[in-house]
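Single-structure report; data block below.
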Amino acid sequence: MKFTISLLRFVCLGVLSLMLSLPACKTISQVQFQALEAPQVVLPSDVSRIAFVDRNQYFPSDSVMHYYSVTSVSIKDTIDHTQNMSLNCYQGFVENLSEFWSQDSIPFIRLPKKIMPDTTRHFAPLSWETVDSICIASQSDVLVVLEDIKAFNKHDIVEGDAYWAFTEVNYYGRWRIYDPLYKKFYDERLLVDSLFMETSDASFNKLVSEKLPSREQMLNDASYELGRTYVDLISPRWVDVSRDYFVSGDKRLSAALYFMNKNEFDSAINIWKSLISENDLKLAGRAAYNLAVVHEMRGDLKNAMGWIRKSIYFYQKMKNRSGEYKEIEAYALVLNSRWDNGKKIKRFFGEGE
C-alpha cells in the first residue's frame, strides 16, 4: 500500500541547503529546498497493487517500423524488436517507480500476440471481464496497460573536417489505466517523444562500427524512456525549488540573512515580523514576502499564502509601486499552485478522505 506521511513532513524534511553566498550589496539572496510534486494522475489511496500489461497487438501497417534510414537510404531490419521494447518499457517503469509506492514487485503480463486488421486501428479497451481476470490472477487492484508502442529511427552522416553522425529515434506509446472494481479508466493518453545524439570521428569505419549506436540499443533506450516518463505521471516525486528573498533595504534584513545562513529560521522570522509595523511600506512588503517564502520552505502553505496577501496589501498601498511588485504577484500564483498540488498529494495518501 502507499506510504502515509503528513504533508508538513515531506516538505520540511526536504530542505537540502541554502545558497546564501551573495554579497551583502545584493538586493536578493536565494533559498533552495525540495518539495513533493503531486502526480498528474492520482490513483485512489486504496489502490495498493498495480500490474503492468503489454497488450501485444500487431497491425499489418506496423511492418513500416522494421525500416530505418541511414543518410536517407531505407534499410529493412529483419529482427522484430517489439518484444524487447515492451520489456524495456516495463523496466523503465518499475525502476523509476516512486519511493512512495511500497509494492515490492510489479507483475509483468504479456497478453498473447493478436493480429488486428488495420481497419480497426482504434485500440478498443480490454473487456472488463479480461481486466478482472488479470487482476485476480496477478492479485492487483488496477492494470497499467501499454496498449501500443512504436519507434522509428534514422542516422544521418555528414562529411566535413571529420565524419559527423546525427542519430534520432522518434517513439510513442498508448496507455490506459483500468480499474475493474469501478469499471473506469484513470488515464488514457498517447505519449510522443524523441531521443537525439550526435558523434564524430575522423574515420568513417570507426564512426559506424564503434560510435554509432546500434538500432537495438536506440530502440531499447527509447522504450525505457517511455516507461520512465509514464511512471512519473502516476507517482509523487521530489523536485528542487529555488526562491529569492530580500536581504537589503534595511540593516535588519541583512541581519536576517545571517540567521538564515545559520539555519536559525525562527530568529529570521522574528526580525521580519518586527518590520511589518514599519511605516516604510516597501520594507514591510519585503518582510511579509520573506515570511511567505520561509513558511513555504517549512511546508506551512496556509501561513505562506497569508503572508503573501499581506505583502501584496503593502505594495498596493504605495503611491509608486516598484518593479518588484510583479514578482510578488507572480509568487502569489505560485503559492496557489502549490496549494492545489498539496491537495492532490493528500488525495494520493488518502488524507482527509
GNM result for the chain, Cα springs below 10 Å: residue of Thr82, Thr27, Thr229 fluctuating most strongly
Thr27
Rounded accessible area per residue of the stretch 65-194, 1.4 Å, Å²:
53 Å²
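Across the chain, where is the longest run that never hits trypsin sites (Lys or Arg not before Pro) in a DSSP loop with at most 10 other C-beta atoms within 10 Å?
Working: sites that count: Lys183, Lys319.
The segment 1-182 is the longest one with no such site.
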Selected from Pro117, Pro125, Pro236 as most flexible by GNM, with the chain as the system and alpha-carbon contacts under 10 Å
Pro117
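Given a Förster distance of 45 Å, report the FRET efficiency between Ser214 and Lys343 from their Cβ-Cβ distance, rounded to the nearest 0.05. Walk me through the intermediate numbers first.
Values: r = 46 Å, r/R0 = 1.03.
According to the calculation, E is roughly 0.45.
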So what is the relative contact order for the chain, in percent, with contacts set as C-alpha pairs under 8 Å and at least six apart?
24 percent
Please turn the phi angles of the stretch 137-151 into ³J(HN,Hα) values with the Karplus equation 6.51 cos²θ - 1.76 cosθ + 1.60 (θ = phi - 60°), one per residue in order, whole Hz, x for glycine and proline.
5, 9, 6, 10, 8, 9, 10, 9, 10, 7, 6, 7, 9, 9, 8
As a test of the formula, what do you get for the chain when each DSSP H run with n ≥ 4 contributes -39,500 (n - 2.57) and the sum is divided by the residue count, at 222 nm and rounded to the nearest 500 deg cm²/dmol?
-12000 deg cm²/dmol
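Cα convex hull of the stretch 300-346: how many Å³ per residue? Please report the intermediate quantities before stating the final value.
Values: hull volume 2.4 nm³, N = 47.
Hull volume over Cα atoms, normalised by residue count, gives 52 Å³.
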Can you tell which of Ser322, Ser138, Ser242 shows the greatest fluctuation in a Gaussian network model of the chain with Cα springs below 10 Å?
Ser322
Taking only protein heavy atoms and a 1.4 Å probe, the highest-to-lowest accessible-area order of Ile312, Ile328, Ile136 is Ile136, Ile312, Ile328
Listed candidates (1) 77, 46, 39; (2) 78, 63, 36; (3) 72, 56, 40 - label of the one calculated as Cα extents along the principal axes in Å:
(2)
Counting residues in the stretch 122-233 as N, plug N into 2.2 N^0.38 Å and put the Cα Rg over that result.
1.50
Sorted from largest down, give the three principal axis spans of the alpha carbons of the stretch 158-304, whole angstrom values.
73, 60, 25
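Work out, step by step, the length gained on full extension between Ile276 and Phe166: first 0.36 nm times the residue separation, then minus their alpha carbon distance; give nm to one decimal.
On the way: separation 110, 0.36 × 110 = 39.60 nm, distance 5.84 nm.
Using 0.36 nm per residue and subtracting the Cα-Cα distance, I get 33.8 nm.
The values are calculated or read from the model by the stated rules, or taken from the named source; none is laboratory data. If you're wondering where the values come from, they're calculated on a predicted model, not measured in any experiment. No Cβ is skipped: glycine too gets one built from the backbone with ideal geometry, and neighbour counts run over all protein chains shown. Calculation scope for accessible area: heavy atoms of the full protein, side chains included, ligands and nucleic acids excluded. Shrake-Rupley method; radii C 1.70, N 1.55, O 1.52, S 1.80 Å.
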